[in-house]
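Colleague: My questions will all concern the structure given below.
Just so you know, all these numbers are worked out from the coordinates, no wet-lab data involved. Because the structure is predicted, anything quoted here is derived from the model rather than measured.
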Amino acid sequence: MRRAAFAGNPGSEVQGFAICDDSQRWVNARAKIDGTHVIVWSDEVKQPVAVRCAWVEHPVCNLYNQAGLPAFPFLTDSLPGVRPNAER
């Protein structure tokens, strides 16, 4: 597994994440790097079911790989909504 990196001061948070519970109400989330994992949370979501990173039209995201390339937008769910290559 490759180690995640981000642009920012040590201890600063990673930007560009959203999180939801089973109500599918998305809220902006806080995130931080912990070893090779990104820990994502929000005080508004007590039991998260999905996370999305940079999943907006013009994302503000400071998550990069070790080569300095920005993270590709990703999601952990198959909930309805905007999806790449979705049938219209």
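Colleague: Could you check how many percent of all C-alpha pairs in region 5-75 are farther apart than 14 Å?
Modeller: In whole percent, the share of Cα-Cα pairs in region 5-75 beyond 14 Å is 57.
Colleague: Any chance you could run the full-extension gain for residue 58 through residue 77? It's 0.36 nm times the residue separation minus the Cα-Cα distance, nm to one decimal. Provide the component values of the computation, followed by the final result.
Modeller: Values: separation 19, 0.36 × 19 = 6.84 nm, distance 2.03 nm.
Extra length from residue 58 to residue 77 when fully extended: 4.8 nm.
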